[in-house]
2 protein chains.
Amino acid sequence: MPSNKDYEIELEKLDGARNRFITEIAKNIHLYNITPSAGRLYGTVFFSEEPMTLDEMSRALGMSKTSMSTGIRSLLEANMVERVWERGIRKDLYKVEDDWYKSFSNVFINRWRNATELNMGAIQETKEMLLHLKEETGFDDVLEKVETDLEKLEEAENYYIWLTDVISLFESGKIFELVPKRTKKTLK
Amino acid sequence: MPSNKDYEIELEKLDGARNRFITEIAKNIHLYNITPSAGRLYGTVFFSEEPMTLDEMSRALGMSKTSMSTGIRSLLEANMVERVWERGIRKDLYKVEDDWYKSFSNVFINRWRNATELNMGAIQETKEMLLHLKEETGFDDVLEKVETDLEKLEEAENYYIWLTDVISLFESGKIFELVPKRTKKTLK
DNA sequence: AAGTTTGTTCAGTTAAAACTGTACGTAATA
DNA sequence: TATTACGTACAGTTTTAACTGAACAAACTT
């Protein structure tokens, strides 16, 4: 008959299985600009049956509460976890955002949109500086270099416009028409 | 009349303009898993009229040749620069890959494909461990947790299948049918 | 074969990021 | 108002990543 010790052993096994996945997530989550530690945190909250408090996370990972605080904030900003309220509980509770499509899209959009805007801004400024130089220079050599640079920058600009279009594909949700979500389990 | 000093000044200005863009690239290139230093290196090669040697890069950036070597290798692996040969020159020469669409696609594909495969592998293994546990357990509590976990993992699996489809969109080049490249200069 | 030139490996150093414990501010409870 | 519970800022420490110079290996030159 099943003893209390068997139960402990099985919980160990459950933990081991969960850990296999958590460890892998932690290794790859840098793609979301998130540290491996915060990745383990994410995995822990992912498998938790209930939303977790900072203290529970701290205990589960054997790390300081401060780290949990900063870790969960980075996950929050990446829209990978969300805060939930439960009446009677004063502590902050967190659960994972369970729409992974949304998490991916959010991160993808925010990061690339931001970089694209900054780079396009820089291109504009650089172009203006070059155009000034182009007008005032009397040296053929300089003129030639300026013109080559302007061409390069315009090619880069075209690329960024394309990238903006790609980002919009995800932002508008149109990507899901082109590449539909999978909902049923596929055959092994 | 234009003096030698004017020429120097104009070259300074050219350098300043280029630097504006290089600095911005360096700030955002972490999206490609590339360090800011290697980002500056990329920008420097980008504006160079001729393919550059490691020694030239070292001089241009005021950094060690060792750093140039590792930096250029990371750019090479990301398909952002390429090596070119010129007869009579023994040193390695590098220029930027000028198809930025290709660079982006390469990086996007490689990074996400790799992470996706690893994560899907981990999901499979975790599922197998859980299925074993499911068969052997006699505790309702354990059974329930295992089943919840299996459901979560299957949802995650669906997401990764979708992501694989998205990656294929870029890998096959089909993305360019859906979001065409921009080739003409757009209006200001 | 001896001597150069060139890129890379490796050990040590410097710079940056992650993590911790204490202390603090705010809000709930008494 | 005093007390407790909670999350976060901050300063200091530890860990990790970036960078350098010296030594090495491979390939070219003489």
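The values are calculated or read from the model by the stated rules, or taken from the named source; none is laboratory data. Small disclaimer: the values here were computed from a predicted structure and weren't measured. FYI the Cβ positions are ideal-geometry reconstructions off the backbone, even for glycines, and counts take in every protein chain you see. Areas reflect the complete protein model, heavy atoms only, side chains present, ligands, DNA and RNA absent. Shrake-Rupley method; radii C 1.70, N 1.55, O 1.52, S 1.80 Å.
Hey, does segment B:1-17 have a residue that's closer than 16 Å to residue A:120 by Cα and within 12 Å of another protein chain (Cβ to nearest Cβ)? Yes, segment B:1-17 contains at least one residue that is closer than 16 Å to residue A:120 by Cα and within 12 Å of another protein chain (Cβ to nearest Cβ). Taken over segment A:34-49, the residue count meeting the criterion of being within 8 Å of another protein chain (Cβ to nearest Cβ) and either touching a Gly at 6+ places or on another chain (Cβ under 6 Å) or within 21 Å of residue A:77 (Cα to Cα) (or both) is 2. When residue B:52 is tested against (1) within 13 Å of another protein chain (Cβ to nearest Cβ); (2) buried (at least 20 other Cβ atoms within 10 Å of the Cβ); (3) away from DNA strand D (no atom under 13 Å from the Cβ), exactly one condition is not met: (1). Taking first residues from segment A:145-157 that are assigned by TED's automatic domain parsing to the domain that holds residue A:119 and partners that are small (Gly, Ala, Ser), the Cβ contacts under 9 Å between residues at least 6 apart in sequence or on separate chains come to A:146/B:17; A:149/B:17. Within segment B:106-137, the set of residues being loosely packed, with under 15 Cβ neighbours inside 10 Å and within 10 Å of residue A:17 (Cβ to Cβ) comprises B:125, B:128, B:131, B:132. Each residue in segment B:51-65 was checked for being away from DNA strand C (no atom under 13 Å from the Cβ) and without any contact (Cβ under 8 Å) to a residue 12 or more places away in the chain, and 1 of them qualify.
Restricting B:31, B:11, B:41 to those that are within 14 Å of DNA strand D (Cβ to nearest atom) and either more than 22 Å from residue A:145 (Cα to Cα) or surrounded by fewer than 16 Cβ atoms within 10 Å (Cβ to Cβ) (or both) reduces the list to B:31.
Does residue B:172 count as touching an Asp or Glu at 6+ places or on another chain (Cβ under 8 Å), outside the structural domain of residue B:34 (by TED's automatic domain parsing) and within 30 Å of residue B:74 (Cβ to Cβ)?
No, not satisfied.
Pairs linking a residue in segment A:88-114 that is not assigned by TED's automatic domain parsing to the domain that holds residue A:41 to a residue that is of a type in the set (A, V, I, L, M, F, W, C) and modelled with pLDDT under 90, with Cβ atoms under 8 Å and 6 or more positions apart or on different chains, are A:111/B:31; A:112/B:31. Total residues in segment A:66-88 satisfying the condition of being modelled with pLDDT under 95, loosely packed, with under 14 Cβ neighbours inside 10 Å and either near DNA strand C (Cβ under 9 Å from one of its atoms) or on the phi > 0 side of the Ramachandran plot (or both): the figure is 1. Per the listing A:165, A:92, A:140, A:149, the residue uniquely open to solvent by 20 Å² or more (accessible area, probe 1.4 Å), within 9 Å of chain B (Cβ to nearest Cβ) and of a type in the set (Asp, Glu) is A:165.
Scanning segment B:106-128 for residues that are closer than 15 Å to residue A:31 by Cα and among the hydroxyl-bearing types (Ser, Thr, Tyr) yields one hit, B:116. In this structure, residue B:5 does not qualify as part of a strand (DSSP E or B), open to solvent by 50 Å² or more (accessible area, probe 1.4 Å) and more than 16 Å from DNA strand D (Cβ to nearest atom).
Could we say that residue B:170 is surrounded by 13 or more Cβ atoms within 10 Å (Cβ to Cβ) and modelled with pLDDT under 95 here? It is false that residue B:170 is surrounded by 13 or more Cβ atoms within 10 Å (Cβ to Cβ) and modelled with pLDDT under 95. Residue pairs whose Cβ atoms lie under 9 Å apart, sitting 6 or more positions apart in sequence or on different chains, and linking a residue in segment B:66-79 that is away from chain A (no Cβ under 14 Å) and in contact (Cβ under 8 Å) with a residue 12 or more places away in the chain to a partner that is open to solvent by 40 Å² or more (accessible area, probe 1.4 Å) and near DNA strand C (Cβ under 9 Å from one of its atoms), are B:68/B:55; B:72/B:92. Residue B:26 falls short on exactly one of the conditions (1) over 19 Å from residue A:157 (Cα atoms); (2) within 13 Å of another protein chain (Cβ to nearest Cβ), and that condition is (1).
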